[in-house]
């Protein structure tokens with residue numbers, strides 16, 4: 001229980017750092033989706049199953065779609 | 001020092017949430033790209049939501065659905081047997097609000113790009129001061 005929590009939390013932090021450091025906005029979108037799925041896993045571990053469902057559909061699904069749509073309408077280029 | 005270490009280890013999840021929150025704050029302040037700033041905002045929000053949900057967690061407790069509710073031998077319900085569902089419900093609303101905020105912010109970023117052909121903050125400042 002504690003170990004699953006700790007491992008997934010570490011993955012979440014790595015995904016967050018990677019999402020803000022990578023120099024391609026499409027890669028940021030995908031890493032942000034991975035971040036949301038890790039978060040969903042964390043909530044399922046903590047017993048918040050309703051929150052996990054919402055995060056999987058809304059956080060990882062809809063927000064990634066918004067993100068990719070916005071990146072295709074703008075540019076993938078970023079300086080930092 | 002020897003007293004401090006068990007205290008830190010016992011609340012390890014809070015420390016990791018604070019790290020996550022600081023990553024989000026850093027991205028909001030220091031990143032130059034508007035989309036990166038939005039990602040930072042979302043990371044910050046999810047760190048706060050994680051903190052709240054973890055407050056409601058109890059060790060050796062089960063999901064907040066009453067056991068034997070229809071078989072009814074009238075046993076007393078112990079609050080310690082169930083995870084506190086109140087933070088879950090509040091944070092469910094917060095997730096939906098955060099995705100709505102994200103969508104509106106993305107729409108604004110697309111409009112800014114259509115007008116100025118850039119999403120970088122320094123280029124936008126240069127363009128606005130001309």
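The values are calculated or read from the model by the stated rules, or taken from the named source; none is laboratory data. Keep in mind that this is a model prediction, so the values were computed, not measured. Here the Cβ is made from the backbone with ideal geometry for all residues, glycine too, and neighbour counts use every protein chain on show.
Have a look at A:53, A:14 and point out the one that is part of a helix (DSSP H, G or I) and farther than 24 Å from residue B:37 by Cβ.
Matching residue, one of A:53, A:14: A:53.
Taking the stated definitions as given, is residue B:6 more than 30 Å from residue B:124 (Cα to Cα) and in contact with a strand residue (DSSP E or B) (Cβ under 7 Å, 6 or more places away or on another chain)? No, not satisfied.
Residues that are free of Cβ contacts under 8 Å to residues at least 12 places away in the same chain and either exposed (fewer than 15 other Cβ atoms within 10 Å of the Cβ) or in contact with a strand residue (DSSP E or B) (Cβ under 6 Å, 6 or more places away or on another chain) (or both) within segment B:20-42 comprise B:22, B:29, B:30, listed in sequence order. For segment B:92-101, the condition of being part of a loop (DSSP other than H, G, I, E, B) and either exposed (fewer than 14 other Cβ atoms within 10 Å of the Cβ) or facing chain A (nearest Cβ under 9 Å) (or both) holds for none of the residues. Across segment B:1-17, a minimum of one residue is classified as within 8 Å of chain A (Cβ to nearest Cβ) and surrounded by 14 or more Cβ atoms within 10 Å (Cβ to Cβ). Residue A:76 falls short on exactly one of the conditions (1) surrounded by fewer than 15 Cβ atoms within 10 Å (Cβ to Cβ); (2) facing chain B (nearest Cβ under 9 Å); (3) touching a strand residue (DSSP E or B) at 6+ places or on another chain (Cβ under 8 Å), and that condition is (2).
Looking for whichever is within 23 Å of residue B:105 (Cα to Cα) and either out of contact with any strand residue (DSSP E or B) (no Cβ under 8 Å at 6 or more places or on another chain) or at the interface with chain B (Cβ under 7 Å from one of its Cβ atoms) (or both) here; the options are A:52, A:18, A:44. Which one fits? Of A:52, A:18, A:44, the one residue that is within 23 Å of residue B:105 (Cα to Cα) and either out of contact with any strand residue (DSSP E or B) (no Cβ under 8 Å at 6 or more places or on another chain) or at the interface with chain B (Cβ under 7 Å from one of its Cβ atoms) (or both) is A:18. Considering A:60, A:29, the condition of being touching a residue at least 40 places away in the same chain (Cβ under 8 Å) and under 12 Å from the mean Cα position of the chain (by Cα) is satisfied by A:29 alone. Evaluate the following for residue A:60: is it more than 10 Å from chain B (Cβ to nearest Cβ), at pLDDT below 90 and within 23 Å of residue B:25 (Cα to Cα)? Judged against the criteria, residue A:60 is a match.
Would you say residue B:76 is more than 11 Å from every other protein chain (Cβ to nearest Cβ) and surrounded by fewer than 16 Cβ atoms within 10 Å (Cβ to Cβ)? Explain how you work it out, then say what you get.
Values: more than 11 Å from every other protein chain (Cβ to nearest Cβ): yes; surrounded by fewer than 16 Cβ atoms within 10 Å (Cβ to Cβ): yes.
Yes; evaluated as a whole, the condition is true for this residue.
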